[in-house]
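Comments concern the structure below.
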Amino acid sequence: MQLAFSTNAFSRHSLSEALTAIAAAGYAGVEILADKPHWYPDSFDEAVVEKIRSQLSELKLAVSNVNANCTFGYWQDAPPEPFFEPSLISPNPAHRADRIRMIHNTLKFAEAVGADTISITSGKALPTMPPEAAMKQLRESLAAILETAEKLKIKIGIECEPGLFIEYAHELRELIDRLGSKMLGANLDIGHSVVIGESIPDILKLLGGRIWNCHIEDIPHRKHYHLIPGQGTIDWSALKNSLLAIKYHRFLTVELYTYPDRPKEAAEESIAYLQGIFGE
């Protein structure tokens, strides 16, 4: 297991500045935000990608994941719920098509920068999209995306989150089994599972070899707020033992979008604490 840090903490900085700070803090990897103000997937510009690829090489940073969970950059006049819209289960066909197009671009970007996984979410089941219809739409939307993922050999990790349509690990496991693609798995956020009361050892076993990336952060009891590791109530030693039990060997990516005012310090404090748990 190696440590990475997500650029979504650096939402007030450029991607270049974020990469430099994350490398300087000592991380082996970085999760790149596929949204403004970093790399926005509305189109695929090879010249832009080459600059990012070159900087990653210079900094000796691997890409743990390309985070396409949200699309803040899509909206100029934001709707009431802009975070996960447009989603794969949006009741608006045009929004679904735009989301699918952006995910296709994100898969191409991941391949170009040497990442082997991207993360997405199901989105929320909005009015006129009850659970049965939402599941049907999600499967249909994922089908075309998975075709591209399989061609490019890029994994897709769905992130469960409190309040989203795919919220629990068992729902994701059922979806993985139903669709049958080797490219489909989990971008598992440990804090989210704590918030909704899941047993961490149990869900790690349930998702097993389908966890492509693991988001970590501390959580205050079961309140959904991302804290610097060591400042909340997560039992880090128990988490390490549970990860070792399933032989997890991929990245642990610290996700602290809650610290846009001091991302550099959050990255430095996190790695200092986590190295004491997981080693260098």
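Residues whose amide H falls under 5 Å from that of residue 184, counting only those 5 or more places apart or on a different chain, are 156, with hydrogens built in the peptide plane.
Compute the accessible area per residue over the chain, keeping the other protein chains in place, probe 1.4 Å, unit Å². Result: 42 Å² per residue.
Straight-line cross-link reach from residue 205 at under 19 Å between alpha-carbon atoms covers these lysines, not counting any fewer than eight positions away in the same chain: 182, 240, 247.
If R0 equals 45 Å, the separation of the Cβ atoms of residue 222 and residue 12 corresponds to a calculated FRET efficiency of about 0.95. Here is the list for the stretch 201-272: chymotrypsin sites (Phe, Trp or Tyr not before Pro) lying in DSSP coil, each with at most 14 other C-beta atoms within 10 angstrom of its C-beta, are 225.
Only beta bridges with both residues in the chain are counted; by DSSP, about 5 percent of them are antiparallel. Taking every DSSP beta bridge that has both ends in the stretch 168-275, the antiparallel portion is near 10%. Within the listed set 177, 116, 189, the Gaussian network model of the chain (springs between alpha-carbon atoms below 10 Å) gives the highest mean-square fluctuation for 177. Within the same chain, aspartates and glutamates fewer than 8 places from residue 108 are excluded, and of the rest, those with a Cα less than 17 Å from its Cα are 31, 35, 42, 45, 46, 50, 98, 116, 147, 150.
Based solely on its DSSP helices, what 222 nm [θ] is calculated for the chain when runs of n ≥ 4 H residues each add -39,500 (n - 2.57) and the sum is averaged over all residues, nearest 500 deg cm²/dmol? Result for the chain, helices only: -13500 deg cm²/dmol. What separates the Cα centres of the stretch 222-280 and the stretch 108-142 is a distance of 26 Å. On the accessible surface of the chain, probed at 1.4 Å, how many percent belong to carbon and sulfur atoms? The computed percentage sits at 53.
The values are calculated or read from the model by the stated rules, or taken from the named source; none is laboratory data. Computed from a predicted model, the values in this text were never measured in an experiment. FYI the Cβ positions are ideal-geometry reconstructions off the backbone, even for glycines, and counts take in every protein chain you see. These area figures cover heavy atoms from the full protein model, side chains too; ligands, DNA and RNA do not enter into them. Shrake-Rupley method; radii C 1.70, N 1.55, O 1.52, S 1.80 Å.
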